[in-house]
Amino acid sequence: MTDSYTPPRVWKWDKANGGQFANINRPIAGATHDKDLPVGQHPLQLYSLATPNGQKVTILLEELLAAGHTGAEYDAWLIRIGEGDQFSSGFVSVNPNSKIPALLDRNGPVPQRVFESGSILLYLAEKFGAFLPTDPAKRTEALSWLFWQMGSAPMLGGGFGHFYAYAPEKFEYPINRYTMEVKRQLDVLDRRLAETEFVGGDEYSIADIAIWPWYGGIALNRAYEAAEFLEAQSYTNLMRWARQIDARPAVARGRIVNRTSGSLSEQLHERHDASDFSTKTQDKLEGAA
């Protein structure tokens, strides 16, 4: 057993605290350097990275375009969080919390900033009248699951993901603590998906789009390489849903926008037009349908 830790009376920031993201974590907000954000040709400007939270927005944008909403054309600019791009003065002006994704809608006389992935999904769904049920009861159910994801993901990402995959040392207590909670969340989804085709009900919605990059990522072994550890295959309804969403061409496109890791065929660092998807990649994506 390791020595127990006694917290000091006053916590002090130790810059050398270790871990994969130690160089970008700090206890203060605000910009570290002056740099304007780039602006492309479309009213919708997205500044992001293809983490699960970033994938939510690019998947929705690609789904909107696939559904014929031409006003959803967008520029997706890469924010390299490992290099501190999120602390530029330009990014902080769009998201004072310095987290991706961040959206700037330049359609009106005054650009509208939108930050927090769930807020962006709701904003775009309402703007285009799509992927959110209009029936009040169904809308409320979908929004409940959207906010379930926003409240649950920190346990999966910041908790389980950090201690299982990224922490400089592995300790039994935090891994067990967060594994238990993540498995409970997987069970919540599995039980729900035994009753309905999609998480929100009988309609594919922003609830699915929010939840899939995280929990679909776990089920399909794309997040933390933890599918075996979490016995993901045992959640049969979740697995059915994860594969069903994964087969959508717009999802296949959206998940690779602003991606900088993995196979080169699954990386599109920036996206400014549908033609930015290469022919090789496009053939692969169409074949996923």
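The values are calculated or read from the model by the stated rules, or taken from the named source; none is laboratory data. None of the values given here were measured: they were computed from a predicted structure. Cβ sites come from the backbone with ideal geometry, for glycine too, and all protein chains shown count toward neighbours.
Against the list (1) under 27 Å from Ala66 (Cα atoms); (2) more than 16 Å from the chain's Cα centre (by Cα); (3) crowded, with 18+ Cβ neighbours inside 10 Å; (4) of a type in the set (S, T, N, Q), the condition Gln185 fails is (1). For the range 70-77, state whether one or more residues are part of a helix (DSSP H, G or I) and of a type in the set (Asp, Glu). No, the range 70-77 contains no residue that is part of a helix (DSSP H, G or I) and of a type in the set (Asp, Glu). Only residues that are more than 14 Å from the chain's Cα centre (by Cα) and at negative phi were counted in the range 32-75, giving 27.
Note on the range 212-229: residues that are crowded, with 21+ Cβ neighbours inside 10 Å and among the hydrophobic types (A, V, I, L, M, F, W, C) amount to 5.
Tell me, yes or no, whether the range 84-94 has at least one residue that is surrounded by fewer than 21 Cβ atoms within 10 Å (Cβ to Cβ), of a type in the set (Phe, Trp, Tyr), in a helix (DSSP H, G or I) and out of contact with any Gly (no Cβ under 7 Å at 6 or more places or on another chain). Checked the range 84-94: at least one residue is surrounded by fewer than 21 Cβ atoms within 10 Å (Cβ to Cβ), of a type in the set (Phe, Trp, Tyr), in a helix (DSSP H, G or I) and out of contact with any Gly (no Cβ under 7 Å at 6 or more places or on another chain). The set of residues from the range 96-146 being in contact (Cβ under 8 Å) with a residue 24 or more places away in the chain, in a loop (DSSP other than H, G, I, E, B) and of a type outside the set (D, E, K, R) comprises Pro96, Asn97, Ser98, Ile100, Pro101, Asn107, Ala130, Phe131, Leu132, Pro133. Selection of the range 220-242 for residues being free of Cβ contacts under 8 Å to residues at least 24 places away in the same chain and assigned to a helix (DSSP H, G or I) yields Gln233, Ser234, Met239. Pairs linking a residue in the range 194-215 that is part of a helix (DSSP H, G or I) and at pLDDT 95 or above to a residue that is surrounded by fewer than 19 Cβ atoms within 10 Å (Cβ to Cβ) and among the charged types (D, E, K, R), with Cβ atoms under 8 Å and 6 or more positions apart or on different chains, are Trp212/Asp246.
Being touching a Phe, Trp or Tyr at 6+ places or on another chain (Cβ under 6 Å), modelled with pLDDT of 95 or more and small (Gly, Ala, Ser) is the requirement here; does Ser98 meet it? Yes: the conditions hold for Ser98.
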